[in-house]
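Note sheet for the following structure.
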Amino acid sequence: MKKQRDNERGALPSASAAHRWLNCPGSVALAAQAPRVEPGPEAQRGTRIHAALASCPLTAESLPEDSISVAALALEDLACARRCWAIFNDLRREWEMEQPADDWFREQRLWLYDNQHRRIMSGQPDIFGVRSDDLSDSVLLVDYKSGRTENPSAYVCEQLWVLAVLIYHQDLGKSVTPDAPAEFRIRMALICPETDTEWSAVDLNQVEVEHFEHQVLRPCLENIAAGNAPLVPGPWCHYCPAVSLCKEATGEATLPVPIAETNPGAISDMTDETLGQFAGRLDDMLARANSLYEAVETELKSRIADGRRVPGWRLAPGSDSVTITDPSLVWKRALGKGVRPEDFLGCVKIGKEKLGLLLKKATGTAGRDLERHLAEVLAGCEERTPKAPSLKREP
């Protein structure tokens, strides 16, 4: 038997994985048996960015550079964190949620209980604020996403819906009662600055939150607790820690005969409906195959690094990443070799984030004033290359 993960949520469902277990409730029990996998570079990057955002005073218009967690960020990560904070402040102003810090809650684990007051699920919102009056409570819930892949809109994000239920059941000094079902309001927002959309939000009332809780969430949790929840393969397998143990997922990773035998030349003869279904099946299978390969690759590297021989595989040496650490000295040496200054500048790439930091130091400005200075410096010196359109699956 695998040792249960040593964390505060135990083996209970967590809101962060709601997209997986609401679609595949059997994955909760299987994931509890899976070996622990160390977080990858993207997950570690997200942790650093979240730590910087969690340390920022709510009164700050921008991230304080003297904060230890902010100072530890690489320039690219710092740009993401700053954009997250700027969008968050815009949302606060738009929904008039600029109340004192005591009414904001950050990185606190919330619990949902069954009718016998046993814990059945938890979630840890990045940040949410509560504004109460004599008639209602209004909540602004924000979740930061630092990944570069497109996120679903806030309305179809299962994680936000689950967090909304958790917040609704907290003792927040609510004035609402069962006789006033529409007096609890919540705006759920996803902030994802590394994507094209940057952010999305949706407003819900108490009726909508309760409907999701009793028609979707609790029936699923009851199914999980009963111990006989089904395993349902799908796109959610991609980040499942138990994908290597799941017969359903590994079986689905192999292309079925009708698809495997399809001649690429026959694709142009498909109807629109058939082509859409065909592409969807391939997309799901590729996601699961990639996830399975990541688990296999991790295990292969671990075994070979330990000195074990795996037939057909070896560890190839990694290549070195070279960075110029003293550009001023390189500049002087290049000029000494006869390189013209204008030609040298042609091989230099200017980063907007670093240029922004220089302007901030030179002008003593921040926020919109700094953005104005940056725009003035770059006016007429930027070239925008439109990206080719990418395919997005509709929910």
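For this structure, a couple of remarks:
- Kirkwood Rh, angstrom, the stretch 73-144 [1 / mean 1/r, Cα pairs]: 14.3 Å
- Sorted by Cβ density within 10 Å, fewest first, the residues Phe344, Phe105, Phe128: Phe344, Phe105, Phe128
- ³J(HN,Hα) computed for each position of the stretch 336-343 - Karplus, 6.51 cos²θ - 1.76 cosθ + 1.60, integer Hz, glycine/proline x: x, 8, x, 6, 6, x, 5, 6
- The fraction of Cα-Cα pairs per 10 angstrom bin, counted from 0 for the stretch 265-326, comes to 16, 24, 21, 21, 15, 3 percent, rounded to whole percents.
- The chain - Rg and Dmax from Cα coordinates, angstrom: 25.2, 83
- Choice from Arg185, Arg36, Arg368 showing the highest fluctuation, given a GNM over the chain with Cα pairs closer than 10 Å: Arg368
- Over 25 Å between alpha carbons, listed pairs Lys332/Lys354; Lys145/Lys387; Lys349/Lys387; Lys337/Lys360; Lys332/Lys360; Lys352/Lys387: Lys337/Lys360; Lys332/Lys360
- Just checking the listed ones, Ala279, Ala29, Ala74: in the Gaussian network model of the chain with Cα springs under 10 Å, the one fluctuating most is Ala279.
- In terms of surrounding Cβ atoms within a 10 Å radius of their Cβ, Val209, Val216 rank from fewest to most as Val216, Val209.
- Residue with peak Gaussian network fluctuation, the chain [Cα springs, cutoff 10 Å], from Gly276, Gly356, Gly312: Gly312
- The Cα atoms of the stretch 15-226 cover 49, 47, 29 Å along the three principal axes, with the biggest extent listed first.
- The mean sequence separation of alpha-carbon pairs under 8 Å and at least six residues apart, normalised by the residue count of the chain, gives a relative contact order of 15 percent.
- Placing pseudo-labels 7 Å out from each Cα toward the beta carbon at Val339 and Glu65 gives an inter-label distance of 2.8 nm.
- From phi via Karplus (6.51, -1.76, 1.60), per-residue ³J(HN,Hα) for the stretch 236-241 in Hz, x at Gly/Pro: 5, 5, 4, 10, 6, x
Just so you know, all these numbers are worked out from the coordinates, no wet-lab data involved. As the structure is a prediction and not an experimental result, all values here were calculated from the model. No Cβ is skipped: glycine too gets one built from the backbone with ideal geometry, and neighbour counts run over all protein chains shown.
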